[in-house]
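Written below as structure tokens is the structure these notes are about.
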Amino acid sequence: QVQLVESGGGLVQAGGSLKLSCAASGRTLSLYYVSWFRQAPGKGREFVASITGDHIDTTYADSVKGRFTISRDNAKNTVYLQMNSLKPEDTAGYYCGRRIGGWTDRVSCYDSWGQGTQVTVSS
């Protein structure tokens with residue numbers, strides 16, 4: 001069973017940067033499609049970015065294109081989310097999920113999630 005652990009969240013001013021990590025234990029993460037989602041208080045979990053197992057293809061939500069970059073280091077069994085030019089509306093809990101198969105933004109299609117890491121962007 002793959003366990004995912006997110007880290008790297010924190011409090012940052014608008015315009016700042018953070019780099020989130022999603023580390024996996026158990027099976028190698030390179031076998032899986034991995035996505036980042038986020039969830040603000042009172043809202044549903046929304047898709048942010050995803051990356052294929054061979055890290056050839058990436059997909060981004062329109063709201064983060066040009067500001068966020070997803071990457072992975074399969075040797076370290078870790079997926080990253082570099083977040084630049086952060087805005088107050090990026091404030092949320094950030095979660096990584098993994099699945100077998102291609103891209104989807106449907107939360108129910110991911111079979112393993114981490115506990116999340118909080119990102120707070122002050123104006």
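Each value in this text was obtained by applying a stated rule to the coordinates, not by laboratory testing. Bear in mind the structure is a predicted one, so any value in this text is a computation, not a measurement. In this analysis, Cβ positions are derived from the backbone assuming ideal geometry, glycine residues included, and neighbour counts consider all displayed protein chains.
Once the cut-off is 23 Å, how many percent of the Cα-Cα pairs in the range 1-119 end up in the long-distance tail?
Numbers: 1413 of 7021 pairs.
Looking at the range 1-119, the distances longer than 23 Å represent 20 percent of pairs.
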Once normalised by the length of the chain, the mean sequence separation of its alpha carbon contacts under 8 Å that are 6 or more apart gives a contact order in percent of 36 percent
Kindly count the pairs of lysines across the chain whose alpha carbons are less than 18 Å apart, treating pairs on different chains or eight or more residues apart as eligible.
5
C96: net charge of surrounding residues, Cβ under 12 Å, Lys/Arg +1, Asp/Glu -1, itself excluded?
+4
For the range 61-100, which trypsin sites (Lys or Arg not before Pro) pass both filters: DSSP loop (anything but H, G, I, E, B) and at most 15 other C-beta atoms within 10 Å?
K65, R67, K76
